[in-house]
Amino acid sequence: MKSVITIGREYGCGGREIAKALAEELHVPCYDRELILLAAEKSGLSHEVLEKVDETASNSFLYAVSTGSYGYGGVELPLNDKLFLAQSEVIRSLANEGPCVIVGRCADAVLEDRDNVASIFLWASMEYRVQTVMQRLQVNEKKATEAINKRDKKRASYYNFYTQKVWGKRDSYRFCIDRTGMEVSACAHLLAQLVQTWEDCYTHQSE
């Protein structure tokens, strides 16, 4: 397996667990919340502080980038944007090291100039996600639905803002998979086969 796999996901569809299972099956590293720690080391900023703004958009990033007035140590950018910049550098560095699975953080867009990136978006039915979140958070259906809508909105705002693409939209990714009803291991195995088949086809076309 030669690909870097990026996983976008709806809240409550089990994306984190599937990503870890996929990485284990492929015997490659998986990076999720570890990206916050690596970004903190890269930028010199506090891990605890960065964790609070992870996958959260701000309003000043595009202006700062357009004027060139950004950087880790400067005061021009809020923490959200400094974290995004640091995570983006970390993601590129990890991709240079070899095959891996990266969860969220706009990794598909950060690496969109590379041919070996298999970008995947995982989704599931609302009913399935509500049941999952109810069990995970021990809340009723109403609160679970509210949590899903809030988290999905946050992820969409973050992705749409930093990538100028549309979160969850089919043409923003190479593969979109409905994991409703599939066990974590079964979904991970399906994704492993899918990526390997894609790799084989791509290699054949390149020859």
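Points worth noting:
- Near CYS30, the amide H atoms lying under 5 Å from its own belong to VAL101; only residues 5 or more places off or on other chains count, and H is placed 1.01 Å from N.
- Relative contact order of segment 4-193: 36 percent, from C-alpha pairs under 8 Å at least 6 residues apart in sequence.
- Placing +1 on each Lys and Arg Cβ and -1 on each Asp and Glu Cβ, with no other charges, gives segment 4-193 a dipole about its Cα centre of roughly 540 debye.
- The ranking of HIS27, HIS189 from fewest to most other beta carbons within 10 Å of each one's beta carbon is HIS27, HIS189.
- Alpha-carbon centroids, segment 74-129 and segment 136-166: separation in whole Å: 17
- Amide hydrogen neighbours beyond the local backbone of GLY8, cut-off 5 Å, H modeled: GLY104, ILE120, PHE121, LEU122
- Checked against a 23 Å cut-off, the cross-linked pairs LYS42/LYS169; LYS143/LYS165; LYS52/LYS82 give Cα-Cα distances beyond that limit for LYS42/LYS169; LYS143/LYS165.
- Label-point separation in nm, ARG33 to PHE175, each point 7 Å along Cα→Cβ: 2.7
- Segment 140-191 shape via C-alpha gyration tensor axes, a/c threshold 1.5: oblate
- Once the C-beta distance of GLU89 and LYS150 is scaled by a Förster radius of 30 Å, the resulting FRET efficiency is 0.55 to the nearest 0.05.
- Placing a pseudo-label 7 Å from each Cα along the Cα-to-Cβ vector at THR197 and LYS143 gives an inter-label distance of 4.2 nm.
- Principal axes of segment 4-193: Cα extent on each, largest first, Å: 47, 39, 30
None of the figures in this text is laboratory data; all of them are computed from the coordinates on show. Treat the numbers as computed from the prediction; the structure is a model and nothing was measured. Every residue, glycine among them, receives a Cβ derived from its backbone with ideal geometry; neighbour counts consider all protein chains shown.
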